[in-house]
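The structure appears right after this line, and notes come after that.
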Amino acid sequence: IYALNPNSGHVFRFSAIGKNESVLSLGKHLGGYSRSLTFANGHLYVIGSAAGRIVEVLDWDKAQVKVYNSFKKKRNAPAGSWTKTGLVLNDAEFFNGFWYASSYFTASYAGETNPNENKFIRFKTLADLVSGNWEDLSSLVADGMTPYFLTVRGNSLYLAVFAHSKIQKRDVILRFTSPKK
């Protein structure tokens, strides 16, 4: 079992309460508040939300990590917009050869900027996150809706989305499937 303390950046690992417990302190790498963990390609990834980065755990016991800073990050923030803050990552997940990532972009934090640009993106490699080589999939999420957590189950990618404005009346879960071959 893995658990994240979002404020301190501590990641806890244990097999049961009181069994095989260990902790990895990633606060200095995460650069502030973190929202999620994901597993892909045999590695653990910790999403550094405020700093717009992903930290890959290469070796738990040696505390070896690799940090991927998102392209054109402007400042640490709990929420924002692409223009105002750069990415404020909620989650990232690997699905069918692509990374998908959501950002906490809302009208209330965006001010006069567009909260719908780059709020849901996909890219081939984490190097693409760093270089800005991504595809903006935000049109798949209604304006005023904030994409949040991602998960893969079977041949589908699920995206939990919540209403962060008065435009939308309810939260939803979107399901993306692989095209039939």
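The values are calculated or read from the model by the stated rules, or taken from the named source; none is laboratory data. From a predicted model like this one, the values you see are computed outputs, not experimental measurements. All Cβ positions, even for glycine, are placed from backbone atoms using ideal geometry, and neighbour counts span all protein chains on display. Surface areas here come from the heavy atoms of the whole protein model, side chains and all, with no ligands, DNA or RNA. Shrake-Rupley method; radii C 1.70, N 1.55, O 1.52, S 1.80 Å.
Scan region 20-61 for residues that are under 24 Å from Asn76 (Cα atoms), in a strand (DSSP E or B) and hydroxyl-bearing (Ser, Thr, Tyr) and report the count. Full working, then the answer.
Here is the first cut: in region 20-61, the residues under 24 Å from Asn76 (Cα atoms) are 24-38, 44-57.
Of the ones still in play, those that are also in a strand (DSSP E or B) are 24-25, 36-38, 44-48, 53-57.
From what's left, hydroxyl-bearing (Ser, Thr, Tyr): 25, 36, 38, 45.
So the answer is 4.
Taking the condition of being in a loop (DSSP other than H, G, I, E, B), over 14 Å from the mean Cα position of the chain (by Cα) and crowded, with 18+ Cβ neighbours inside 10 Å, how many residues in region 107-130 meet it?
Matching residues across region 107-130 total 2.
If Lys62 meets every condition in (1) modelled with pLDDT of 95 or more; (2) more than 14 Å from the chain's Cα centre (by Cα); (3) closer than 20 Å to Ile1 by Cβ apart from one, which number is that one?
(3)
Can you tell me which residues in region 18-36 are basic (Lys, Arg) and surrounded by 13 or more Cβ atoms within 10 Å (Cβ to Cβ)? Show your work before the answer.
In the first step, residues of region 18-36 are kept if they are basic (Lys, Arg); the result is 19, 28, 35.
Residue satisfying the conditions is Arg35 alone.
Being part of a strand (DSSP E or B) and aliphatic (A, V, I, L, M) is the filter here, so list the residues in region 77-99 that pass it. Spell out how you get there, then give the answer.
First, the residues of region 77-99 that are part of a strand (DSSP E or B): 80, 89-95, 98-99.
Leu89, Ala92, listed by residue number.
Yes/no matrix, rows are residues, columns are (1) under 24 Å from Glu135 (Cβ atoms); (2) of a type in the set (D, E, K, R):
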position	(1), (2)
Asn7	no, no
Ser25	no, no
His43	yes, no
Gly48	yes, no
Leu58	no, no
Glu93	yes, yes
Ser102	yes, no
Thr113	yes, no
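Considering each residue of region 54-97, count those that are within 19 Å of Ala127 (Cβ to Cβ) and either open to solvent by 50 Å² or more (accessible area, probe 1.4 Å) or free of Cβ contacts under 8 Å to residues at least 24 places away in the same chain (or both), and give that number. Break it down into steps so the answer makes sense when it comes.
Step one: list which residues in region 54-97 are within 19 Å of Ala127 (Cβ to Cβ), which gives 54-58, 64-73, 86-87, 89, 92-97.
Filter again for either open to solvent by 50 Å² or more (accessible area, probe 1.4 Å) or free of Cβ contacts under 8 Å to residues at least 24 places away in the same chain (or both), leaving 58, 64, 66-67, 69, 71-73, 94, 96.
Summing the residues that are within 19 Å of Ala127 (Cβ to Cβ) and either open to solvent by 50 Å² or more (accessible area, probe 1.4 Å) or free of Cβ contacts under 8 Å to residues at least 24 places away in the same chain (or both) in region 54-97 gives 10.
List every residue pair whose Cβ atoms lie under 6 Å apart, where the two residues are 6 or more positions apart in sequence or sit on different chains, the first residue falls within region 8-24 and is more than 20 Å from Ile47 (Cβ to Cβ), and the second residue, located anywhere, is open to solvent by less than 70 Å² (accessible area, probe 1.4 Å) and part of a loop (DSSP other than H, G, I, E, B).
Filtered contacts from region 8-24: Asn20/Phe14; Glu21/Phe14.
Would you call Val152 in a strand (DSSP E or B) and surrounded by fewer than 18 Cβ atoms within 10 Å (Cβ to Cβ)? Lay out the reasoning, then the answer.
Working: in a strand (DSSP E or B): yes; surrounded by fewer than 18 Cβ atoms within 10 Å (Cβ to Cβ): yes.
In short, yes.
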